[in-house]
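One structure below.
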Amino acid sequence: MTPRQAPRKRNKSTMKMVGRQLKAARTAAGYTQRALAELASVDEETIASIEQGRRVLQLDLAEFLDELLETKGMLVAGVENMPEIDQFALWSEDYMKHEWEALAISFYANQVLPGLLQTENYARAVLGERVPAYDQDEIETKTAGRVDRREILRRKAPPTLSFVVWEPVLDLKVGGPQVGREQLRQLRADAHLPAISLQFMPMDSPSHAGLNGPFILLETPDHQHLAYLETQRGSQWVSDPDEVSILARKYAMLRTQALTTQQSLSLLDRRLGEA
């Protein structure tokens, strides 16, 4: 999938209709969500989210389910005819699919907090700063989508998640002091989740391996290693092993240069005391 494709938006009512069709076909075939997920090699929560209209049914999965459930192409037709009013750009959809299924994800952030760590109010404030501006309905739709992604943090088998965040990100005043304090409290709570490692790169660090900008590393279920970059000019997947290796080495260096997880918790405590 190539970056910089035109954005596509998702029709929530159509997603729910496709979800209801899947649920009806699954029930008629006698499968539980867990049994169907195992046959399709996806997480049980993926099936649940699709049936509830919270997650797009991808075309390849629709083709497999049509064959398995003997629905004669109904699910594929629903996906292919879904009105193009999706809330995410196509490459972002592709990223979120990988994010949901990943075994491990590593984030380096130096502008705003990673989306998985954002509170609803922080996300809304960040999205409200876009130029050209989103209208209010778009902001609310995108905010809901970003908050929904946080389900990953608390599911039964979450990926291993590592975050390195440059300390000045915590000084971002977007949304005002109340939003900032709420976000700090959320970070403090998230940092205690068993699958999360949260570290801050301090302002006084004499070395910094991430000066070229933010990036994300993912390990897929079949142990493929990928990287994802977002810039002012678009988004980009990196799959070349040599290029991914360079970013992985940068991330390893960032972790050694950053505060430890315990020092990072102490930093949050100090900032909460001052807020």
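What follows is calculated from the coordinates using simple rules that are stated; it is not laboratory data. Keep in mind that this is a model prediction, so the values were computed, not measured. Note that each Cβ is placed from the backbone with ideal geometry, even for glycine, and that neighbours are counted across all protein chains shown.
Per-structure values
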item	result
Most mobile listed residue (214, 132, 168) in the chain, GNM with C-alpha springs under 10 Å	132
Where Cα atoms sit under 17 Å apart: lysine pairs in the chain separated by 8 or more or lying on different chains	6
Spacing of the two label points (7 Å from each Cα toward its C-beta) at residue 170 and residue 38, in nm	4.5 nm
Rounded, prolate or oblate (a/c below 1.5 giving rounded, otherwise prolate when a/b exceeds b/c) for the stretch 192-257 by Cα gyration tensor	oblate
Spin-label pair residue 131/residue 144, simplified geometry with 7 Å Cα→Cβ offset, distance in nm	3.0 nm
Check: the stretch 12-80 dipole with +1 on Lys, Arg Cβ and -1 on Asp, Glu Cβ, in debye	440 debye
Backbone N under 18 Å from the residue 260 label point (7 Å along Cα→Cβ), restricted to the stretch 196-219	196-202, 205
Sparse-neighbourhood loop sites, GluC sites (Glu not before Pro) in the stretch 126-160 - DSSP loop, at most 13 other Cβ within 10 angstrom	129
All-pairs alpha carbon distance profile, the stretch 102-261, 5 Å steps from 0, percent	2, 8, 16, 21, 21, 17, 10, 4, 0
Nearest-0.05 FRET efficiency for residue 269 and residue 156, computed from C-beta distance (R0 35 Å)	0.75
Separation of alpha-carbon centers, the stretch 176-222 and the stretch 94-161, rounded to whole Å	13 Å
Charge tally in the Cβ shell below 11 Å around residue 228, where Lys, Arg are +1 and Asp, Glu are -1, residue 228 excluded	-3
Taking all pairs of distinct alpha-carbon atoms in the stretch 12-80, Kirkwood radius in angstrom	11.4 Å
Directionally averaged projected area (convex hull, Cα atoms, the chain), nm²	15.0 nm²
Relative contact order (%) - the stretch 12-80, alpha-carbon pairs under 8 angstrom, separation at least six	37 percent
